[in-house]
């Protein structure tokens with residue numbers, strides 16, 4: 001949708017500055033020390049309080065409804081403004097979950113699936129994920 005940005009996802013603990021601009025998409029900030037500066041937050045992409053602790057199917061439906069209400073165009077504008085400010089097209093959307101653990105799931109990957117459907121743009125995970133293929137995207141070359 002927006003050729004000026006390329007989106008990735010990862011967790012706070014695995015992000016490295018050479019991967020792009022870190023962007024927090026969580027309700028709360030990390031309570032641990034990060035080895036990089038975290039200057040950007042897109043609170044609109046954090047899960048809502050009303051469904052935050054719901055089972056995965058309910059959470060997914062509610063989160064996707066929130067994303068649809070925001071709309072891909074509005075989200076792209078918000079993320080594009082960060083990319084323009086930072087003069088960097090690669091944005092890495094960050095949260096806490098370790099997707100290398102079996103049966104772990106996370107809103108960042110729900111967002112990635114929704115974004116692909118809404119825009120046709122793929123959002124790759126920059127860390128290991130449980131399953132037959134442990135990496136969706138391992139490195140940025």
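The values are calculated or read from the model by the stated rules, or taken from the named source; none is laboratory data. This one's a predicted model, so the numbers in the text were calculated from it and none came from an experiment. Every residue, glycine as well, gets a Cβ built from its backbone with ideal geometry; the counts of neighbours run over all protein chains shown.
One residue stands out in segment 83-101 among those that are over 11 Å from the mean Cα position of the chain (by Cα) and buried (at least 18 other Cβ atoms within 10 Å of the Cβ): the one that is farthest from residue 29 (Cα to Cα), namely 83. Mind listing whichever residues of segment 102-123 are outside any helix (DSSP H, G or I), modelled with pLDDT of 95 or more and surrounded by fewer than 18 Cβ atoms within 10 Å (Cβ to Cβ)? Result: 120, 121, 122. Take segment 32-41 and flag every residue that is in a loop (DSSP other than H, G, I, E, B) and either in contact with a helix residue (DSSP H, G or I) (Cβ under 6 Å, 6 or more places away or on another chain) or touching a residue at least 60 places away in the same chain (Cβ under 8 Å) (or both). The answer is 36, and nothing else. Put simply, of 54, 11 the only residue that is under 15 Å from the mean Cα position of the chain (by Cα) and over 21 Å from residue 120 (Cα atoms) is 11. Among the criteria (1) surrounded by fewer than 15 Cβ atoms within 10 Å (Cβ to Cβ); (2) part of a helix (DSSP H, G or I), the one residue 62 does not fulfil is (1). Among the conditions (1) crowded, with 17+ Cβ neighbours inside 10 Å; (2) out of contact with any helix residue (DSSP H, G or I) (no Cβ under 6 Å at 6 or more places or on another chain), the only one that residue 21 does not satisfy is (2).
Filter segment 14-31 for residues that are in contact (Cβ under 8 Å) with a residue 60 or more places away in the chain and farther than 12 Å from residue 82 by Cβ and give the result.
Listed by number, the residues that qualify are 14, 15, 18, 19, 26, 30.
What about residue 99, is it in contact with a helix residue (DSSP H, G or I) (Cβ under 6 Å, 6 or more places away or on another chain), part of a loop (DSSP other than H, G, I, E, B) and at pLDDT below 95? For residue 99, the condition - in contact with a helix residue (DSSP H, G or I) (Cβ under 6 Å, 6 or more places away or on another chain), part of a loop (DSSP other than H, G, I, E, B) and at pLDDT below 95 - is not met.
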